[in-house]
Every structure is written in structure tokens, then in C-alpha cells.
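The values are calculated or read from the model by the stated rules, or taken from the named source; none is laboratory data. It should be emphasised that the depicted structure is a prediction, and the values quoted were computed from it without experimental measurement. Cβ placement follows ideal geometry from the backbone for every residue including glycine, while neighbour counts extend to all protein chains displayed. In case anyone asks, the SASA skips ligands and DNA or RNA and just uses the protein heavy atoms, side chains included. Shrake-Rupley method; radii C 1.70, N 1.55, O 1.52, S 1.80 Å.
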Amino acid sequence: MPAVLGFEGSANKIGVGVVRDGVVLANPRRTYVTPPGTGFLPGATARHHRTVILDLLQEALTEAGLTSKDIDCIAYTKGPGMGAPLVSVAVVARTVAQLWNKPLLGVNHCIGHIEMGRLITGATSPTVLYVSGGNTQVIAYSEHRYRIFGETIDIAVGNCLDRFARVLKISNDPSPGYNIEQMAKRGKKLVELPYTVKGMDVSFSGILSFIEDVTQRMLATGECTPEDLCFSLQETVFAMLVEITERAMAHCGSQEALIVGGVGCNMRLQEMMETMCQERGAQLFATDERFCIDNGAMIAQAGWEMFRAGHRTPLSESGVTQRYRTDEVEVTWRD
């Protein structure tokens, strides 16, 4: 009954989770929140993580009712993500592993999301829509790899939403994407925006540039409201994501779709995906904000799978990388 401690800190969330045999024993998390109209810079984000990570570690152990002796492995996010935050968390993970004399495992952040989603929802072999502030991919498992069928060719969907939130000076608390979602519910007018799907891939930089350019003029002339723009942006980018996910499901013959990543919390995206799945006779799986948003338990769960499959990360190879594709990892723990 291995118990794995997981550290996640690839962006502005920092989390420490404990998982034992498919049960999440603890999953505390903190968020670095910046003022409206601003993003989060790597250096400042890393300083935030360094400030709270040891408190989170103690909180996770207390919540789980475990001590260091009960932990069998230390897992941490190897990448992808922001360099400085990744390094800050990896240093702590390496130190804890050496102090406690435990094996270390570097986990791919994207695979952490997938394995957490599979655990919580019970999906067996879904087509995965992975949507977050740093990543946008449509993924399906085949022959010991999570294969990428489609992805963004520029910025992630979450980054597109976050950057538009800065234009409107929307609060970053609890997150800009959540606040856009709430404003979009009050939108009544659909503003036509660029819709860019290229085969199985999507592009969000053009739609962001367009809406950044027209926002102040349209608001000043009364053509629309901020709520209308939030509604229009969501409807357009989510339609693009649903299209490529459906195409991947058709290609794979899949009857399951799983949404993971921070943007996966968005209820409108889940509603649009649910409609598509019902029309195909398929089933949609999604989780709530506890597990969609970056968290330590997802790293612990992926680490638990890897640990049982015999994976270990030597100290000499326990660095981080900002670019670490989902399909680079050999998934030996699945048939």
C-alpha cells in the first residue's frame, strides 16, 4: 500500500498532496494572486511558492494523518511550466527525498492531470481534452503513450482568457478565468470573432489580438458590454475545442471524453462538451475545481502509478524542464 507525496508548483498554484492506493488523503493548495490587469511573473511566483511550501507540506501530512515514515516516494513536477517556480519546488522535493531517504520521481505535469482525471471520474480509456493556462491538447492513449491528436499552435486557451481579463481589468481572485465565466453568464449579444481551426489544431493568438484591438472602441460606442465580450470569447474558443475533440473521438472510435486542466472547471465548456457527447452517444467525464486546477494530489497520483511500475528518478536526473511534451513519457503502467 504505497503512499506517495506529490509537489506541484509549475505556475501560480502551489500544492502538496498525498495519495495512497487511489485514495486522496490530503490536497492543500495556495494561489499566488496578482492585482487586476497584471499577470504573474516567474520570479515573484517562485518567491511566493518558497514562502508557503513548507507550511503546505506540514499541512498535507497532518491532514493525511501520516508522518515521514509512512511516505514511500516523493513525486514532483518536472515540467512543463515556468522555470523559476518549477525549480523552487524541485529543490524542496529533492531535499525532502534525501532527508527522509525516499525514492524520487519527476512527473510530467500534463500526465498528472490525466491520471487524476481517470482516478476521480473512473473513465477507462477516454479522449482527453486538456485545457489550462499553459497547455491546450487533445490526447488519446495508444501503445504506452498519451498521443497528441491536436493542440494549440500558439497560446493556450487559458492564457487567451487570462490575457483578455487583463484588458477588462478583471480581478485575478480567485482566477481571471472564473471571473470571465461569471461575467459571460450575463452576456446577451454574440460578437463575431475569428474562429481558427486548422485541421486538428487550434490558434488563439488571432482571436486575442482581435478582441484586444476592438474592446475599447466597442465599449465606448455602446455596441456591446464587457459581459457580451466575455460571453462571445468563451462561446468561440470553446466551440473550437469541442470541434477538435469530437474529431479525435471519431478517429479513435471513443465513447468517452474527459476534460482536465484548470479551464476544465468552466461549466459552459462542460455543457458544450456534454451536448456533443450526447449527440454521439458518448459519455463526458469532468472533475470540479479541487482536481481540475493544478494540485499536489495529481502529481502524487501519477507518481503512485509510476512508482508501482518501477520508475525512479536518479538525483543526477532530477532537474526540471519548461518544455516536456505529454507524448515524451512512456506510460508503462497501462496496458
message: Here is a check on your reading of the model: is A300 within 23 Å of N108 (Cα to Cα), outside the structural domain of N179 (by the TED database) and either in contact (Cβ under 8 Å) with a residue 40 or more places away in the chain or out of contact with any strand residue (DSSP E or B) (no Cβ under 7 Å at 6 or more places or on another chain) (or both)?
response: yes
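Looking at A248, is it part of a helix (DSSP H, G or I) and either free of Cβ contacts under 8 Å to residues at least 40 places away in the same chain or closer than 19 Å to I111 by Cβ (or both)?
Details: part of a helix (DSSP H, G or I): yes; either free of Cβ contacts under 8 Å to residues at least 40 places away in the same chain or closer than 19 Å to I111 by Cβ (or both): yes.
Criteria met by A248.
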query: Consider C277 against the criteria (1) assigned to a loop (DSSP other than H, G, I, E, B); (2) touching an Asp or Glu at 6+ places or on another chain (Cβ under 9 Å): it satisfies all of them except one. Which criterion is unmet?
result: (1)
task: Considering each residue of the range 187-228, count those that are part of a helix (DSSP H, G or I) and within 24 Å of the chain's Cα centre (by Cα), and give that number.
output: 5
message: Filter the range 1-32 down to the residues that are open to solvent by less than 30 Å² (accessible area, probe 1.4 Å), closer than 25 Å to G43 by Cα and assigned to a loop (DSSP other than H, G, I, E, B) and list them by number.
response: G9, S10, A11, N12, P28
message: Considering only the range 281-297, I want to know if a residue exists there that is in contact with a strand residue (DSSP E or B) (Cβ under 8 Å, 6 or more places away or on another chain), open to solvent by less than 60 Å² (accessible area, probe 1.4 Å) and without any contact (Cβ under 8 Å) to a residue 24 or more places away in the chain.
response: no
- line: Flagged in the range 83-109 as in contact (Cβ under 8 Å) with a residue 24 or more places away in the chain, more than 18 Å from M306 (Cα to Cα) and either surrounded by 18 or more Cβ atoms within 10 Å (Cβ to Cβ) or under 23 Å from the mean Cα position of the chain (by Cα) (or both), in numbering order, are G83, A84, P85, L86, V87, S88, V89, V92, V96
query: Of the residues that make up the range 137-154, is at least one within 16 Å of F238 (Cβ to Cβ) and open to solvent by less than 10 Å² (accessible area, probe 1.4 Å)?
result: yes
